[in-house]
Amino acid sequence: MSLAHAMEVPVGYLVGDWEVTEPIAAGSWGSVYAARHRGPAGGGSPAEAALKFLSTAGLAPRQARQLAESAQREVAFSQEASHPHLIRVYETIEVRDSDREELDGAVVLVMERAERSLLDLLHDAGGPTAGPVPDAGPLLTQICEALVHLHDSGWVHGDLKPGNVLLMPDGSVRLADFGLATRIEGTHGYGPPMGSPDYLPPERNTEPLSERGVAVRPSLDVWALGVTAHQLLSGGRLPFPGATAAARAAALHEYSTGRAELRLSPELPDCWRAIIEDCLAAETERKPRPTVQDLLPRFKAAVAAHPRARARRHRRRMLVTLVGTGTATAAVCGYVFALPHFSGTAGASGVDIRVYNVEKGCLGNTERLTNCRLGLARDPGKPYEVSNVLDQRVWHGDTLVADCVVYGATRIADEYGVGSTNWYRVKVPGGEGYGWLSAVRTRDVPAVPECERPA
Amino acid sequence: MGDDVTIVVHVPAGSGAAQITTEIGPGDALRFGRGAPDTPVDLVLDDPAVPRLAGEIRATEDHWKLSNFSATQSYLVENPEGAGEYVRVAPRRLGAPVPFEFSRIVLPTRTGPPVSVQVFAPSHSYGEAADFARLGGAATLVAFSLDESATYFLVLVALCEPRLRDLSTAAVPTTPQITARLRRHPACRDLTEQAVSFHVDYLARNKLRVKNNDDAPGRRMDGRREALVSLALRFGLVREEHLALLPARTAGAGVS
């Protein structure tokens, strides 16, 4: 964190039961060294670990105390929120060494040792011309799983970015750096007013600051996940580009104030594009970001659609498809939802869902005007055009019965450009069988399961 | 770090204008001049020597640019904290970038004092140079951009001084106490209480965005100063080492 700085630790140096073997990384936040365990075997200690040294040299007692507290928070956090995709923090050790002034008093975090970070992976992949990094989809799914666990346990990570996502030798992912992790009570918690500018959502710029810190909500991680996904799938490009941090902040401002559209990298596979657009919702009341719990099945679906995230070839095929439909709203995921197999048997029960038509003159109008009618799709995976719309229409205020939902199918945008790729399967009112209502045509979020995918 | 408000424009009362304070974000512009029915302007500077459409202030990223629409007059942009630093913007120059966090645009008048417009750019960023050079926007930063050489920072350090020295819950100094304390600083000999109040306000409103949940109107200023101090100490914005920026305490003249 801001209080610490890089420090040099000699190879062979002993800290507790650990012997420093080699440097890994350094920054103004401190230094990380590899170490091997020297104590008696067993006891649950791994043979190797990463030691993060946070220097307290030159700090006033108050700041040193803050640093030690922050380190202990990381250990407490790790023990409380243990998960296969969260890096483990085993213990903290305070160095006592009066011979080495720089090291004396340093706080050491003993952590699970990883191979490298996603930031290294992006650098190695060769930059923006290289397209998606290998296995981007599965990596993102693991990150999403870790976030689901965190959020379910009542925590927000607060500093998600490729540099804080580590890779183990077996290719599995570990979220790291819980220095900004915040406990959520109700809808939000309060965390330190810190973060990585390129990964912070626009609301952070207008959030007032209280003595407890700045309000932190789970949607903070969803935004950062969207930025990280964009980078992994486009060879490192940020969704809000610019040569300087200030230029990128200005691009974000233009988007969040509605003066510029979201212009994501053309490299992105279409399934992922829809997901990232939702993660990067400007978080207005009209369009909240999805939760990580909502996102996880969509991540898995996108991985199924693009097993190796081969973006270019897919993109070319998609363009051909789109020219045929003539509507700018259709961006099919190229996924099994395109099959008309969904009109299967009914679920045992359904949940009421109210139709919402945002168009001027239709909102709140119950006179069933022809201009205000809305359609139900026959197949949410196909372009939304006349042949794919049921004869039976619905209007604002109608109550339908939904029994399941699909994510990441054809994208529909309403008259204000708010779009969704989610569809609810609904019983056709006054008729037989099922139709599909686009999620932009309702404000409800019915608790229905994901529709079974055709085999 | 980016802020939704890039710049704050303030036209002081008098000087041919009513007092106005307005905030704009990146990409937004304000036109200023004498104005006329067919030449509407955002900031009216009512002096016969000021052109109808005199210029434009445009917020750009974290700074601003000045366009001089006059065909004959140069405008000066002074840095009131910069010991005489200024930028001269020639006639018809479009989009001249202004590097100061605090600026005063000075327009010549025929008689009386010049007309001036104050422009503040609170979003200027200051960060850990080494980290930032390496990681850019991927570096984890404190979300405050404080210029440790600015007067507002001296005011903040002076506010925090009693707590930093005693580690007690000593009262936060009042505006007159801070003014007296800082006047012994060579750069602050002319500091007024009004200026100190301005800096406290600027810190709370534009730099730290302090949430004011103090409802009692009489305690409003107190509550805000209190909040500034606890934020600055809690998040390490002001530390013991910064006390060296303050003038030496002379015997018997310390802040009680």
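Coordinate-derived values only; no laboratory data. Note that the coordinates shown come from a computational prediction; the quantities given were computed from them, not determined experimentally. Here Cβ is always computed from backbone atoms with ideal geometry, including for glycine, and neighbour counts include all displayed protein chains.
Give me, ordered by chain and number, the residues 5 or more places off B:Val41 or on other chains with an amide H under 5 Å from its own placed amide H.
Correct list: B:Ala36.
State, as an integer percentage, the relative contact order of chain A based on alpha-carbon contacts under 8 Å between residues 6 or more apart. Provide the component values of the computation, followed by the final result.
On the way: 913 pairs, mean separation 44.6, N = 455.
Worked out over chain A, it gives 10 percent.
In deg cm²/dmol, rounded to 500, what helix-only [θ] at 222 nm does chain A give when every DSSP H run of at least 4 residues adds -39500 (n - 2.57) and the total is split over its residues?
Working: 8 runs with 111 residues, N = 455.
It comes out at -8000 deg cm²/dmol, rounded to the nearest 500.
So which aspartates and glutamates pass the test for A:Lys360, namely a Cα distance under 12 Å, with those fewer than 8 places away in the same chain ruled out?
Candidates past the 8-residue exclusion: A:Asp414, A:Glu415.
Computed FRET efficiency, Cβ-Cβ of A:Ala130 and A:Arg183, R0 30 Å: what is it to the nearest 0.05? Don't skip to the answer; put the middle values down first.
Numbers: r = 39 Å, r/R0 = 1.29.
Efficiency computed from Cβ-Cβ geometry: 0.20.
Step through the residues of the stretch B:29-36 one at a time and calculate ³J(HN,Hα) from phi using the Karplus curve (6.51 cos²θ - 1.76 cosθ + 1.60, θ = phi - 60°), rounding each to whole Hz and writing x for Gly and Pro.
So the Karplus estimates, Gly and Pro as x, are 9, 10, 9, 10, x, 6, x, 7 Hz.
Taking the Cα atoms only, what angle lies between the long axis of helix A:311-325 and the longest principal axis of chain A, rounded to 10 degrees?
20 degrees
Between A:Asp352 and A:Thr21, what is the label-to-label distance in nm when each label sits 7 Å out along the Cα-to-Cβ direction?
A separation of 6.4 nm, rounded to one decimal place.
For the stretch B:59-123, state which GluC sites (Glu not before Pro) are in a DSSP loop and have at most 14 other beta carbons lying within 10 Å of their beta carbon. Walk me through the numbers before you get to the answer.
Numbers: sites: B:Glu61, B:Glu78, B:Glu81, B:Glu85, B:Glu101; in loops: B:Glu61, B:Glu81, B:Glu85, B:Glu101.
Listed in order of number, the matching sites are B:Glu85.
Would you mind getting me the FRET efficiency between B:His185 and B:Thr21? Use the beta-carbon distance for r and R0 = 25 Å, nearest 0.05.
0.35
May I ask for the distance between the Cα centers of the stretch B:30-77 and the stretch A:8-24, given as a whole number of Å?
63 Å
Can you work out ³J(HN,Hα) from phi for every residue in the stretch A:230-247, in order, using Karplus 6.51 cos²θ - 1.76 cosθ + 1.60 and θ = phi - 60°, giving whole Hz and x for Gly and Pro?
4, 5, 5, 8, 10, x, x, 5, 8, x, 10, x, x, 6, 10, 4, 5, 5
So what are the ³J(HN,Hα) numbers for the stretch A:367-376, from phi and the Karplus equation (6.51, -1.76, 1.60; θ = phi - 60°), rounded to whole Hz, Gly and Pro as x?
The phi angles translate into 7, 6, 5, 4, 5, 9, 6, 10, x, 10 Hz.
Which far-off residues, 5 or more places away or on another chain, put their amide H under 5 Å from the one on B:Thr60, with H placed in the peptide plane?
B:Gly27, B:Lys65
Report the calculated FRET efficiency for A:Arg443 and A:Thr257 (r = Cβ-Cβ distance, R0 = 25 Å), to the nearest 0.05.
Details: r = 23 Å, r/R0 = 0.94.
E(calc), rounded to 0.05, equals 0.60.
Tell me which residues come under 5 Å, amide H to amide H, from A:Leu86 once H is placed; ignore anything under 5 positions away on its chain.
The answer is A:Leu175.
Using only Cα atoms, find the angle between the long axis of helix A:61-80 and the longest principal axis of chain A, and express it within 0 to 90 degrees, rounded to the nearest 10.
50 degrees
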